[in-house]
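Following: one structure in structure tokens, then a few remarks.
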């Protein structure tokens, strides 16, 4: 199953735990929100991702980043990094960020302990000091 780990909004899909989701850039019905406003806006503007828009960060991205969902809290920071280094380099950084430093296993936003080796993980909760919804 092909999965695309970059999203329109700036979420790193490689840290998602939604079963069967291939990411919002794969054209099928598997991702969590086929009616996402970020997908439609980016496609209408002909851009690969919101951070590549001249209007970034827009009001909708700011609201999304601050809506209290732990994985949304990464969007603005990721978007600014994407603007700086581009999507391919950002994907390399994110793969490393979301892999256990001890054993290399990938992990999700909600994990705090590696399921393979038991090491403590650098969770989004620690990174942003937020509680998950």
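Looking across 84, 59, 112, one residue alone is surrounded by fewer than 17 Cβ atoms within 10 Å (Cβ to Cβ), touching a strand residue (DSSP E or B) at 6+ places or on another chain (Cβ under 9 Å) and over 20 Å from residue 25 (Cβ atoms). It is 112. Can you find even one residue in region 17-24 that is touching a strand residue (DSSP E or B) at 6+ places or on another chain (Cβ under 9 Å), surrounded by fewer than 17 Cβ atoms within 10 Å (Cβ to Cβ) and farther than 24 Å from residue 125 by Cα? No, region 17-24 contains no residue that is touching a strand residue (DSSP E or B) at 6+ places or on another chain (Cβ under 9 Å), surrounded by fewer than 17 Cβ atoms within 10 Å (Cβ to Cβ) and farther than 24 Å from residue 125 by Cα. Scanning region 15-37 for residues that are modelled with pLDDT under 90, in contact with a helix residue (DSSP H, G or I) (Cβ under 8 Å, 6 or more places away or on another chain) and within 18 Å of residue 98 (Cα to Cα) yields a count of 2.
Note on region 94-105: residues that are surrounded by fewer than 16 Cβ atoms within 10 Å (Cβ to Cβ) and more than 12 Å from the chain's Cα centre (by Cα) amount to 6. Checked against (1) closer than 26 Å to residue 61 by Cβ; (2) part of a loop (DSSP other than H, G, I, E, B); (3) without any contact (Cβ under 8 Å) to a residue 24 or more places away in the chain, residue 108 passes all but a single condition, namely (3). The sole residue among 89, 42, 49 that is over 12 Å from the mean Cα position of the chain (by Cα) and crowded, with 19+ Cβ neighbours inside 10 Å is 42. The listed residues are 83, 96, and the only one of them that is without any contact (Cβ under 8 Å) to a residue 24 or more places away in the chain and in a helix (DSSP H, G or I) turns out to be 96.
Tell me yes or no: at least one residue of region 66-76 is part of a helix (DSSP H, G or I), out of contact with any strand residue (DSSP E or B) (no Cβ under 8 Å at 6 or more places or on another chain), touching a residue at least 40 places away in the same chain (Cβ under 8 Å) and surrounded by fewer than 21 Cβ atoms within 10 Å (Cβ to Cβ). Yes, some residue in region 66-76 is part of a helix (DSSP H, G or I), out of contact with any strand residue (DSSP E or B) (no Cβ under 8 Å at 6 or more places or on another chain), touching a residue at least 40 places away in the same chain (Cβ under 8 Å) and surrounded by fewer than 21 Cβ atoms within 10 Å (Cβ to Cβ). Within the set 119, 99, the sole residue that is at pLDDT 95 or above and more than 21 Å from residue 4 (Cα to Cα) turns out to be 119.
The values are calculated or read from the model by the stated rules, or taken from the named source; none is laboratory data. Everything numeric here is computed off the predicted structure, so don't read it as measured data. Cβ sites come from the backbone with ideal geometry, for glycine too, and all protein chains shown count toward neighbours.
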